[in-house]
């Protein structure tokens, strides 16, 4: 079985790369452990299912506020079985959709676990069957798995410590939960369980939650989450996890050495990911790896071995599905010999957290822009001054933009509030197309929309705010 391109992994990087490569006239195969995992972690136990359960939480929020909109007599409570059932139905449909796209685009799917025999040959193991698959080019797109705290295997086996996978598909709603880590995954899950009625505590080692976000945005998010009842403890670490009377006792140590011990029904680990490189046989072909196991690549996703590429979470941060998909398309184009293949602009990669409220950002934070030595102009526009936000009943949050003062280049944009993840692509396009403040000001935004706050923030940065 010989192909122009063999892709290991059918996630958002792998399957997109396969389809693009086939469209460009290449003979393509995708190897994945099971057909039911097509779409990868993102589709089956990550991005999509979390958004499905968070949508249930959002509907619950809306129903609970029904009287604010003049709708009386609405009494609601969550039905976990229906929430999870709906989520699994969405996953099943999208999973089948990926398989259908393979058929439509003449991509060969090979089921099994792949490992390298040589730099252009894989051994694919499916039960007792072994198959050799050769590719002129091989793309590694195997993703990553949740990072664990050593020594907790027994508690994980007993269901007292969860990863994000177990947290997305719970059998019961715990009464009291500890979330270790406050990145996007931890905050999204904390937001969901808080909405479902669970008492949630978030512990973060860093000085603030959502450490990758703009400081002002992160501080606003914390106030909102705490107002909703989520307990947040920063600059602290967790230690000495022990089972006690069917619960997990945990010591929480702050930066001043103060120690508190508390018990929880379940502990969720949201402390990052580890690349899935362990069983690929990379040593046999001398592919260079980083200390954490991630595969080293250049700006075109080429590894240290010619003809072998690595994309998505198995390569480098940020660990985002849309980054993996873009890398997959670019690698397919490079293998096909297209001209003018340019590196991905890391500053143009958007980031979204689908909590309540949502957080969305792209480019440099105010802190990073100052550290880089830019002379900047900062503008803000609050949703409380926006008619559509008030009519929708979502006046909390704001938009913040950072411009280079001399050239008018948009360096970064950061938002918190209702459905801000859907508004972020406007700034993504602005950064990618190198639009200036003048071009953004000249754009006509529809009224009434919450997106008007984006333009208002631009006006604000240059001292021309109209509604603020």
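The values are calculated or read from the model by the stated rules, or taken from the named source; none is laboratory data. All values reported here derive from a predicted model rather than from experimental measurement. Methodologically, a virtual Cβ is constructed for each residue, glycine included, from the backbone with ideal geometry; neighbour enumeration extends over all protein chains shown.
Against the list (1) surrounded by 15 or more Cβ atoms within 10 Å (Cβ to Cβ); (2) out of contact with any strand residue (DSSP E or B) (no Cβ under 6 Å at 6 or more places or on another chain); (3) under 20 Å from residue 320 (Cβ atoms); (4) modelled with pLDDT of 95 or more, the condition residue 416 fails is (2). Could you run through the range 121-145 and say how many residues are in a loop (DSSP other than H, G, I, E, B) and either over 21 Å from the mean Cα position of the chain (by Cα) or without any contact (Cβ under 8 Å) to a residue 24 or more places away in the chain (or both)? Residues in the range 121-145 being in a loop (DSSP other than H, G, I, E, B) and either over 21 Å from the mean Cα position of the chain (by Cα) or without any contact (Cβ under 8 Å) to a residue 24 or more places away in the chain (or both): 2 in total.
Considering (1) surrounded by 15 or more Cβ atoms within 10 Å (Cβ to Cβ); (2) part of a helix (DSSP H, G or I); (3) outside the structural domain of residue 173 (by TED's automatic domain parsing), the lone condition that residue 283 does not fulfil carries the number (1). Would you check if there is a residue in the range 159-178 being touching a residue at least 12 places away in the same chain (Cβ under 8 Å), farther than 30 Å from residue 242 by Cβ and in contact with a strand residue (DSSP E or B) (Cβ under 8 Å, 6 or more places away or on another chain)? No - not one qualifying residue is present in the range 159-178.
Among the numbered conditions (1) surrounded by fewer than 22 Cβ atoms within 10 Å (Cβ to Cβ); (2) more than 20 Å from residue 249 (Cα to Cα); (3) in contact (Cβ under 8 Å) with a residue 40 or more places away in the chain; (4) within 19 Å of the chain's Cα centre (by Cα), the only one that residue 148 does not meet is (2).
Could you tell me whether residue 324 is more than 21 Å from the chain's Cα centre (by Cα), touching a residue at least 60 places away in the same chain (Cβ under 8 Å) and either surrounded by fewer than 16 Cβ atoms within 10 Å (Cβ to Cβ) or not in a loop (DSSP other than H, G, I, E, B) (or both)? When the stated conditions are applied, residue 324 does not pass them. Residues that are out of contact with any strand residue (DSSP E or B) (no Cβ under 6 Å at 6 or more places or on another chain) and over 25 Å from residue 57 (Cβ atoms) are absent from the range 352-361 altogether. Among the residues of the range 213-245, just one is touching a residue at least 40 places away in the same chain (Cβ under 8 Å) and surrounded by fewer than 15 Cβ atoms within 10 Å (Cβ to Cβ), namely 243. Counting the residues of the range 27-43 that are more than 23 Å from the chain's Cα centre (by Cα) and surrounded by 19 or more Cβ atoms within 10 Å (Cβ to Cβ) gives 4.
When 25, 46, 9, 39 are checked against the criterion of being within 25 Å of residue 185 (Cα to Cα), assigned by TED's automatic domain parsing to the domain that holds residue 314 and in contact with a strand residue (DSSP E or B) (Cβ under 9 Å, 6 or more places away or on another chain), 9 stands alone in meeting it.
A search for C-beta distances below 8 Å between a residue of the range 25-39 that is at positive phi and any residue that is in a loop (DSSP other than H, G, I, E, B), counting only pairs 6+ apart in sequence or on different chains, returns 25/336; 39/10; 39/11; 39/12. Take residue 121 and decide whether it is surrounded by 15 or more Cβ atoms within 10 Å (Cβ to Cβ) and in contact with a helix residue (DSSP H, G or I) (Cβ under 9 Å, 6 or more places away or on another chain). No: the conditions fail for residue 121.
Can you tell me which residues in the range 446-468 are within 18 Å of residue 402 (Cβ to Cβ) and assigned to a helix (DSSP H, G or I)?
Selection gives 453, 454, 455, 456, 457, 458, 459, 460, 461.
Looking at the range 151-244, the strands (runs of 3 or more DSSP E) lying wholly inside it that each contain 2 or more residues that are closer than 22 Å to residue 78 by Cβ, out of contact with any helix residue (DSSP H, G or I) (no Cβ under 7 Å at 6 or more places or on another chain) and not assigned by TED's automatic domain parsing to the domain that holds residue 89 sit at 176-180, 199-203.
Inside the range 387-427, residues that are closer than 19 Å to residue 66 by Cβ and in contact with a helix residue (DSSP H, G or I) (Cβ under 8 Å, 6 or more places away or on another chain) make up a count of 7.
Before we move on, is residue 271 touching a helix residue (DSSP H, G or I) at 6+ places or on another chain (Cβ under 6 Å), more than 22 Å from residue 15 (Cβ to Cβ), surrounded by 16 or more Cβ atoms within 10 Å (Cβ to Cβ) and in contact (Cβ under 8 Å) with a residue 40 or more places away in the chain? Here the answer is no, as residue 271 does not meet what is asked. Residue under question is residue 334, and the condition is that it be free of Cβ contacts under 8 Å to residues at least 40 places away in the same chain and surrounded by fewer than 14 Cβ atoms within 10 Å (Cβ to Cβ); does it hold? It is false that residue 334 is free of Cβ contacts under 8 Å to residues at least 40 places away in the same chain and surrounded by fewer than 14 Cβ atoms within 10 Å (Cβ to Cβ). Residues in the range 14-23 include none that are outside any helix (DSSP H, G or I) and crowded, with 16+ Cβ neighbours inside 10 Å.
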